[in-house]
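Colleague: First, the structure itself, so that you have it in front of you.
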Amino acid sequence: MSRIGKRPVALPDGVTAEVQGSELSVKGPKGSLSMTMSDDVECKVADGEIQINPANDTRRARSYWGMQRTLAANLVEGVTEGFSKTLEITGVGYRASVQGKTLKLQLGFSHDVDYAIPEGIDIKAPDQTTVEISGMDKQQVGQVAAEIRKWRKPEPYKGKGIKYRGEYVFRKEGKKK
């Protein structure tokens, strides 16, 4: 039995959900999101909550049960509050700025890195060393943050690069004489 899957997903005020076939659609104050549920689980909306149950008693259905419930909970949280990730830039001359629909990064290369901001994602640079990424879709927010971080991962000697807020960079000692 899945401890996560057994718990229903509560729908807050102003949020509606409906199931059509294997498609779960959730509408809320920030917009609407939808996802295709696996054939191994059944989804029902009743009494202001979403209930996910395994469709049969196979190992695959039991393993998908908790994951599909968590994905449904992420849809509800996304249309009510949204998701955000914060990146911190460390290094001399490393900076970021937002110009229209483009994030401009200066990361020590001979050229600036221009990252086109995808639809449904909001990126802000409150100062030159901080980038805030927010949006409704948790997977998309995490993917955009990972793509930006990929340009200059933090290195272990001086800690220069782009890291997530709260991420610990294991530091190494340099050469000894």
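Colleague: Taking the options ALA61, ALA72, name whichever one is over 23 Å from the mean Cα position of the chain (by Cα) and either surrounded by 14 or more Cβ atoms within 10 Å (Cβ to Cβ) or at pLDDT 95 or above (or both).
Modeller: Numbers: ALA72 fails: over 23 Å from the mean Cα position of the chain (by Cα).
Matching residue, one of ALA61, ALA72: ALA61.
Colleague: Give ARG171, ARG152 a once-over and let me know the one that is of a type in the set (Lys, Arg), surrounded by 14 or more Cβ atoms within 10 Å (Cβ to Cβ) and part of a loop (DSSP other than H, G, I, E, B).
Modeller: Answer to the check: ARG152.
Colleague: Could you please find all residues in the range 109-129 being in a strand (DSSP E or B) and either within 12 Å of the chain's Cα centre (by Cα) or not hydroxyl-bearing (Ser, Thr, Tyr) (or both)? Steps first, answer last, please.
Modeller: Start the filter on the range 109-129 by keeping residues that are in a strand (DSSP E or B), which leaves 113-116, 121-127.
Within the range 109-129, VAL113, ASP114, ALA116, ILE121, ASP122, ILE123, LYS124, ALA125, PRO126, ASP127 qualify.
Colleague: Can you confirm whether ASP13 is under 24 Å from the mean Cα position of the chain (by Cα), of a type in the set (Asp, Glu) and not in a loop (DSSP other than H, G, I, E, B)? I'd like the intermediate steps shown before the answer.
Modeller: Details: under 24 Å from the mean Cα position of the chain (by Cα): yes; of a type in the set (Asp, Glu): yes; not in a loop (DSSP other than H, G, I, E, B): no.
No.
Colleague: Just wondering, is there one or more residues in the range 103-122 that are among the basic types (Lys, Arg) and either assigned by TED's automatic domain parsing to the domain that holds MET37 or closer than 30 Å to GLU49 by Cα (or both)?
Modeller: No.
Colleague: Based on what the data block shows, is LYS30 under 27 Å from ASP122 (Cβ atoms) and touching a residue at least 12 places away in the same chain (Cβ under 8 Å)?
Modeller: Details: under 27 Å from ASP122 (Cβ atoms): yes; touching a residue at least 12 places away in the same chain (Cβ under 8 Å): yes.
For LYS30, the condition - under 27 Å from ASP122 (Cβ atoms) and touching a residue at least 12 places away in the same chain (Cβ under 8 Å) - is met.
Colleague: Right, GLU132: in a strand (DSSP E or B), touching a Lys or Arg at 6+ places or on another chain (Cβ under 8 Å), of a type in the set (Asp, Glu) and closer than 25 Å to GLY31 by Cα or not? Working first, answer last.
Modeller: On the way: in a strand (DSSP E or B): yes; touching a Lys or Arg at 6+ places or on another chain (Cβ under 8 Å): yes; of a type in the set (Asp, Glu): yes; closer than 25 Å to GLY31 by Cα: yes.
Spelling it out, GLU132 is indeed in a strand (DSSP E or B), touching a Lys or Arg at 6+ places or on another chain (Cβ under 8 Å), of a type in the set (Asp, Glu) and closer than 25 Å to GLY31 by Cα.
Colleague: Would you confirm, using the coordinates I've provided, whether ILE162 is closer than 30 Å to MET35 by Cα, of a type in the set (Val, Ile, Thr) and out of contact with any His (no Cβ under 6 Å at 6 or more places or on another chain)?
Modeller: The answer is no for ILE162.
Colleague: Can you name the number of the only condition in (1) in a strand (DSSP E or B); (2) touching a residue at least 24 places away in the same chain (Cβ under 8 Å) that VAL79 fails?
Modeller: Of everything listed in (1) in a strand (DSSP E or B); (2) touching a residue at least 24 places away in the same chain (Cβ under 8 Å), VAL79 misses just condition (1).
Colleague: A follow-up question, please. Mind checking which residues of the range 91-123 are out of contact with any Lys or Arg (no Cβ under 8 Å at 6 or more places or on another chain), surrounded by fewer than 14 Cβ atoms within 10 Å (Cβ to Cβ) and charged (D, E, K, R)?
Modeller: Residues satisfying the conditions are LYS101, GLU119.
The values are calculated or read from the model by the stated rules, or taken from the named source; none is laboratory data. What you see is a predicted model; the values in this text were computed from it and never measured. Here Cβ is always computed from backbone atoms with ideal geometry, including for glycine, and neighbour counts include all displayed protein chains.
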